[in-house]
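Student: There's a structure below that I have some questions on.
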Amino acid sequence: MMDKTFDPAAVEARVGAAWETEGAFRAGRPERAGAEPYCIVIPPPNVTGSLHIGHALNNTLQDILCRFERMRGRDVLWQPGTDHAGIATQMVVERQLMERQQPGRRELGREAFLEKVWAWKEESGGAIVGQLKRLGASCDWSRERFTMDEGLSEAVLKTFVDLHAQGLIYRDKRLVNWDPKFQTAISDLEVLQVETKGNLWYFDYPVVDEADGLTGETITVATTRPETMLGDTAVAVHPDDKRYTGLIGKKVLLPLVRRAIPIVADTYSDPEKGTGAVKITPAHDFNDFEVGRRHGLRAINVLDEEGQMLLAGNEAFLQDADPEPEALELHGLDRAVARKRVVALMEEKGLLLKIEPNVHAVPHGDRSGVVIEPYLTDQWYVNVKPLAERALQAVRDGETRFVPENNEKVFFQWLTNIEPWCISRQLWWGHQIPAWFDEDGGIYVALNEQEAQAKAASARGGPVTLRRDEDVLDTWFSSALWPFSTLGWPEATPELARYYPTNTLVTGKDILFFWVARMIMMGLHLTDKAPFSTVYLHALVRDATGAKMSKSKGNVVDPLGLIEQYGADALRFTLAALAAPGRDIKLGPNQVESYRNFATKLWNASRFAEMNGCRLDPDFKPEAAKAVLNRWALGEAARAVSEVATALDAYRFNDAAAAAYRFVWNIFCDWYLELAKPVLQGEGVDPALKNETQKSIAYLIDQIAKLLHPFMPFLTEELWAIKGEGMVDRGLLTLASWPDLSGLANSEAEAEVGFLVELISEIRSARSETNVPAGAQIPLVLVGVDGTVRERVQRWQDTLLRLARLSEIRFETDAPKNSVQLLVRGSVAALPLEGIVDLAAEVDRLRKEAGKTEGEIKKLDGKLNNADFVARAPEEVVEEQRERRDSEAARLEKIREALTRLTDQG
RNA sequence: GGGCGCGUAGCUCAGCGGGAGAGCACUUCCUUGACAUGGAAGGGGUCACAGGUUCGAUCCCUGUCGCGCCCACCA
């Protein structure tokens, strides 16, 4: 006996264990050796993270695809693993040390600190995997990888060394985005521009003559960053700006610093902005850096790695300058504090002309949240331009396609304007860069120190002392190799041969550039193949009001909480049902609740089947079913199966979920089981009919379990087990085949059952509208119907009596006095309700309906009488409209007859 | 500034050239033996606005208004 209620927690544990024992999700199961492979690589979650709602969506969608393809017989590899997530993880561990008041990173030193991180990884690395399993993710867990495990690290080293040898990786001294909090360089993508309210300060710079004597003239510059003026090495004006033509070539004496710097002409200067004269600080601004290059200006760095003023002992700063004592006192101040001091000093000197409020975008670190500094350092870069060109070509050629398609445009736009990728990070947690320096600035890139030594020795003509670059690589550098490094690349493994290139990548559109683009570039360059053929990009999950979820706002929806409350199946189905392509998902608990109800509904339908002796018969042949009702239900199921499959093939998860939902609830439960009740529970029913109906119901529940398995794996696996009890060699549902109900569609059955359904609906509607008490049984009269309809109605007599609450069914040539008359597929059914129904109201109702029908006919006539329409519209459209007009006209005729009967007799 | 997308029932959203849909919410009725996490019935929409293309526009085009997101931008 099935339990009265479905208990998700117990079932999830039991079913999960059964899958694990069977090794159901292992790729390359022997029986599938000849099957076509299907492979998805998981977007590796942060090893120290925990499952958030975005993961839940992302992995639900992947799991739906994997289970669907597995049931279609493919040899599925869903490759799992985790990412070391450089900055994020290092940050977590550092914070933890601080909270525990333990020695910090620098005190510990590199080796000891890394030990702490590895310990933390071991401790928390299993958490997210366990959480993915709770969601039902059917990954091949035996193949789990980590971006810093041995094999993947080798792949990273080899890639770095090879790309360096090819000239695609190089070292360069230029401005980078510097994060003063983490004291590391970050890539352009890790910088977020934040609209910030600030000021525009106008400073007067005094113009000097050849001998650096004041001329009395000034030039006014506007700046949002007063503190950087200490590093100014020029003032630029537009060559065509008449206001300044006389000043070009002259010099100004930089206030506070007393450094003479030139006024140069450069088209970078925009006469419309500020004063048209712009101070140039090559070491602290990307644009100024370029201007500096063009004019041979010095780049004077005035900040240290923490974003504090670096003046004392700063040779570049002191050279050719004579700083005022107040200026030197700025040393060591944070840039924000220094800014205020500089403004104050300039004001004291009477050089502050005015202050204007100004809103502008300020770069912030996406992880640290602090203001990013353009900073002059040596870093490693990948010249991604040539790689990008190939990636663009692959997408243009359709080797990889995007779903939804419009993401292609975004992809094209970014790759077309791509800049070199800064890949070195001044962190400890990550892949240490395989580069060694000698004492004379020689750089040797090699797979290991011995090779580097060899290279150095041959370059220098003898052994030299080498020091390894301390920096590590950007996390995304190793992620970019994920689709093939996890399969064993650079070794030519059987897995690589069988499952690569992978089929589908499912990920959030927020990491299109970070990850997807880089995988495509690296994949093409290193393996000569695009790493996947389809990229499905889903949107963000937001809270019920549409706000972005964040810890600080306190509006995060915890998927594990939802799983505990409603079950994993309910959460999964909800996410699938809401996953309309290209739209953000707004998720609140009541959505999950409604789909939990759906799970309950299916559970109860199965209980009903059990209570009514519906047992699976392995010999049941659906195509041989005789009863109209069963043939109808089987036909509807066939349609649902094909709708779901079509939708999934197009990555329309929401449509697939809706089609399955509609069939199970609105067809199978609402009508099939209800219509079958008289057969199952009535007296004197033909035993053969009853038997066939029982078997058909059991069969369809089995098909429903299959149909819903990709969405609700736990519940359906449990039902499969319950229904299959005692059957030998049935195996697990998750390894069973996708339903094949082709050929079961049946239009005759649809005509008959469809009529029945409509008739019952019409009667119920009329009863309700005329306020017939729900418990009252009333007679039904079929008026002047032909033999076919009469037979039909007689065949369904018991069902009609029961579902429409009728006392009897009569066949008459005329409608009884004072009755409500219904039109059902061309037949007239009357409910004699004298004394109950308000005659005048019924006349009103019919008149209203006649009016509506007339309106329809008028509209259709308008079309059909339009010569242009008939001439230009496609034949089948015209024909369709004609048919509609005819049926509306017939309907109007019947309504009028009904009205006549009512009014004549009334 | 450049790009992408969205404005359809109270809410969340499907539909995207020929009859306006679903779920939730709401109203009324029903504890009938699968299910009240349920059943039955019902109300509710100039498909943002204005032009255009078309025999025909919620759907295609243009513009306007409103709302998101991405990229670039510290004068």
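The values are calculated or read from the model by the stated rules, or taken from the named source; none is laboratory data. All values derive from a computational prediction rather than experimental measurement. Cβ coordinates were reconstructed from backbone atoms using ideal geometry, including for glycine residues, and neighbour counts include every protein chain displayed. These area figures cover heavy atoms from the full protein model, side chains too; ligands, DNA and RNA do not enter into them. Shrake-Rupley method; radii C 1.70, N 1.55, O 1.52, S 1.80 Å.
Student: Filter the strands (runs of 3 or more DSSP E) completely within the range A:127-220 down to those with at least 3 residues that are more than 23 Å from A:Trp428 (Cα to Cα).
Tutor: A:191-208
Student: I'm checking my understanding of the structure. Among residues of the range A:134-180 that are surrounded by fewer than 17 Cβ atoms within 10 Å (Cβ to Cβ) and among the polar types (S, T, N, Q), which one is nearest to the chain's Cα centre (by Cα)?
Tutor: Filtering the range A:134-180 for residues that are surrounded by fewer than 17 Cβ atoms within 10 Å (Cβ to Cβ) and among the polar types (S, T, N, Q), the one nearest to the chain's Cα centre (by Cα) comes out as A:Ser142.
Student: Quick one: which of A:Tyr651, A:Tyr672, A:Tyr699 is open to solvent by less than 50 Å² (accessible area, probe 1.4 Å) and outside any helix (DSSP H, G or I)?
Tutor: So the residue among A:Tyr651, A:Tyr672, A:Tyr699 that is open to solvent by less than 50 Å² (accessible area, probe 1.4 Å) and outside any helix (DSSP H, G or I) is A:Tyr651.
Student: Looking at the range A:329-346, I want the residues that are over 15 Å from A:Leu311 (Cα atoms) and open to solvent by less than 40 Å² (accessible area, probe 1.4 Å) and have a partner that is in a helix (DSSP H, G or I) and not acidic (Asp, Glu) with Cβ atoms under 8 Å, at least 6 apart or on another chain. Which pairs are those?
Tutor: Pairs found: A:Val343/A:Pro226; A:Leu345/A:Ala327; A:Met346/A:Pro226.
Student: Which ones in the range A:866-888 are more than 24 Å from A:Lys852 (Cβ to Cβ) and surrounded by 13 or more Cβ atoms within 10 Å (Cβ to Cβ)?
Tutor: Result: A:Val870, A:Ala873.
Student: Take the conditions open to solvent by less than 70 Å² (accessible area, probe 1.4 Å), more than 9 Å from RNA strand B (Cβ to nearest atom) and of a type outside the set (Val, Ile, Thr) and apply them to A:His284. Does it pass?
Tutor: When the stated conditions are applied, A:His284 does not pass them.
Student: Among the candidates A:Ala840, A:Ala804, which residue alone is among the aliphatic types (A, V, I, L, M) and near RNA strand B (Cβ under 10 Å from one of its atoms)?
Tutor: Result: A:Ala804 is the single residue among A:Ala840, A:Ala804 that is among the aliphatic types (A, V, I, L, M) and near RNA strand B (Cβ under 10 Å from one of its atoms).
Student: Right, something else. Please find, among A:Gln101, A:Gln166, the residue that is over 27 Å from A:Pro374 (Cβ atoms) and at pLDDT below 90.
Tutor: Testing whether each residue is over 27 Å from A:Pro374 (Cβ atoms) and at pLDDT below 90 leaves just A:Gln101.
Residues checked against (1) open to solvent by 20 Å² or more (accessible area, probe 1.4 Å); (2) hydroxyl-bearing (Ser, Thr, Tyr):
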| site | (1), (2) |
| --- | --- |
| A:Gln79 | no, no |
| A:Glu111 | yes, no |
| A:Ala119 | yes, no |
| A:Ser124 | no, yes |
| A:Leu132 | no, no |
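Conditions (1) β-branched (Val, Ile, Thr); (2) within 16 Å of RNA strand B (Cβ to nearest atom), marked per residue:
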| residue | (1), (2) |
| --- | --- |
| A:Asp212 | no, no |
| A:Glu227 | no, yes |
| A:His238 | no, yes |
| A:Asp241 | no, yes |
| A:Val252 | yes, yes |
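Student: Same structure again: Among the residues of the range A:352-379, write down those that are more than 8 Å from RNA strand B (Cβ to nearest atom) and among the β-branched types (Val, Ile, Thr).
Tutor: If the condition is that a residue be more than 8 Å from RNA strand B (Cβ to nearest atom) and among the β-branched types (Val, Ile, Thr), then A:Ile355, A:Val359, A:Val370, A:Thr377 are the ones that fit.
Student: Can we say A:Glu643 is outside any helix (DSSP H, G or I) and within 14 Å of RNA strand B (Cβ to nearest atom)?
Tutor: no
Student: Give the number of residues within the range A:411-463 that are of a type in the set (Val, Ile, Thr), surrounded by 18 or more Cβ atoms within 10 Å (Cβ to Cβ) and without any contact (Cβ under 8 Å) to a residue 40 or more places away in the chain.
Tutor: So the answer is 1.
Student: A further question follows. Tell me which residues, restricted to the range A:305-326, are over 22 Å from A:Pro374 (Cα atoms) and in contact (Cβ under 8 Å) with a residue 40 or more places away in the chain.
Tutor: Selection gives A:Asp320, A:Ala321, A:Asp322, A:Pro323, A:Glu324, A:Glu326.
Student: Can you report the number of residues in the range A:468-523 which are among the hydrophobic types (A, V, I, L, M, F, W, C), part of a loop (DSSP other than H, G, I, E, B) and either open to solvent by less than 10 Å² (accessible area, probe 1.4 Å) or in contact with a strand residue (DSSP E or B) (Cβ under 6 Å, 6 or more places away or on another chain) (or both)?
Tutor: Residues flagged as among the hydrophobic types (A, V, I, L, M, F, W, C), part of a loop (DSSP other than H, G, I, E, B) and either open to solvent by less than 10 Å² (accessible area, probe 1.4 Å) or in contact with a strand residue (DSSP E or B) (Cβ under 6 Å, 6 or more places away or on another chain) (or both) within the range A:468-523 amount to 3.
Student: So, one more: Pairs needed: first member in the range A:594-607, in contact (Cβ under 8 Å) with a residue 24 or more places away in the chain and part of a helix (DSSP H, G or I); second member anywhere, open to solvent by 50 Å² or more (accessible area, probe 1.4 Å) and within 8 Å of RNA strand B (Cβ to nearest atom); C-beta distance under 7 Å; at least 6 residues apart or different chains.
Tutor: Matching pairs, first to second residue: A:Phe598/A:Tyr661; A:Phe598/A:Trp665; A:Lys601/A:Trp665.
Student: When residues of the range A:298-328 are filtered for being surrounded by 15 or more Cβ atoms within 10 Å (Cβ to Cβ) and not in a loop (DSSP other than H, G, I, E, B), how many remain?
Tutor: 8
Student: Moving on to the next point. So is A:Leu831 under 27 Å from A:Trp671 (Cβ atoms) and either among the aliphatic types (A, V, I, L, M) or open to solvent by less than 20 Å² (accessible area, probe 1.4 Å) (or both) or not?
Tutor: yes
Student: If I ask for residues that are open to solvent by 60 Å² or more (accessible area, probe 1.4 Å) and either within 8 Å of RNA strand B (Cβ to nearest atom) or of a type in the set (Ser, Thr, Tyr) (or both), which ones from the range A:605-620 would you list?
Tutor: A:Met611
Student: Same structure again: Evaluate the following for A:Arg67: is it open to solvent by 10 Å² or more (accessible area, probe 1.4 Å) and within 16 Å of A:Ala736 (Cα to Cα)?
Tutor: Spelling it out, it is not the case that A:Arg67 is open to solvent by 10 Å² or more (accessible area, probe 1.4 Å) and within 16 Å of A:Ala736 (Cα to Cα).
Student: Please determine whether any residue of the range A:524-532 is within 15 Å of RNA strand B (Cβ to nearest atom) and outside any loop (DSSP other than H, G, I, E, B).
Tutor: No; the residues of the range A:524-532 include none that is within 15 Å of RNA strand B (Cβ to nearest atom) and outside any loop (DSSP other than H, G, I, E, B).
Student: Still on this structure, I have one more. Could you list, in sequence order, all residues of the range A:781-804 that are aliphatic (A, V, I, L, M) and touching a residue at least 60 places away in the same chain (Cβ under 8 Å)?
Tutor: Matches in the range A:781-804: A:Leu803 only.
Student: Which pairs do you get when a residue that is more than 20 Å from A:Val302 (Cβ to Cβ) and among the hydrophobic types (A, V, I, L, M, F, W, C), found in the range A:357-376, comes within reach of a residue that is within 6 Å of RNA strand B (Cβ to nearest atom) and modelled with pLDDT under 90, reach meaning Cβ atoms under 6 angstrom, with the pair 6+ apart or on two chains?
Tutor: Every condition considered, the pairs that remain are A:Ala361/A:Gln193.
Student: A further question on this structure: Is there a residue being away from RNA strand B (no atom under 16 Å from the Cβ), among the polar types (S, T, N, Q) and within 32 Å of the chain's Cα centre (by Cα) anywhere in the range A:665-675?
Tutor: No: the range A:665-675 contains no residue that is away from RNA strand B (no atom under 16 Å from the Cβ), among the polar types (S, T, N, Q) and within 32 Å of the chain's Cα centre (by Cα).
Student: Of everything in the range A:556-583 that's of a type in the set (Val, Ile, Thr) and buried (at least 23 other Cβ atoms within 10 Å of the Cβ), which residue is nearest to RNA strand B (Cβ to nearest atom)?
Tutor: So the residue we want is A:Thr574.
Student: Turning to a different aspect of this structure: Is it the case that A:Glu849 is touching a residue at least 40 places away in the same chain (Cβ under 8 Å) and within 48 Å of the chain's Cα centre (by Cα)?
Tutor: It is true that A:Glu849 is touching a residue at least 40 places away in the same chain (Cβ under 8 Å) and within 48 Å of the chain's Cα centre (by Cα).
Student: Pick from the range A:265-281 the residues that are among the polar types (S, T, N, Q) and near RNA strand B (Cβ under 8 Å from one of its atoms): which of them is least open to solvent (accessible area, probe 1.4 Å)?
Tutor: Among those that are among the polar types (S, T, N, Q) and near RNA strand B (Cβ under 8 Å from one of its atoms), it is A:Ser269.
Student: Using beta carbons and a limit of 6 Å, which pairs, at least six apart or on different chains, have the first residue in the range A:272-283 and over 10 Å from A:Ala234 (Cβ atoms) and the second one open to solvent by 10 Å² or more (accessible area, probe 1.4 Å) and within 7 Å of RNA strand B (Cβ to nearest atom)?
Tutor: A:Gly274/A:Ala222; A:Thr275/A:Ala222
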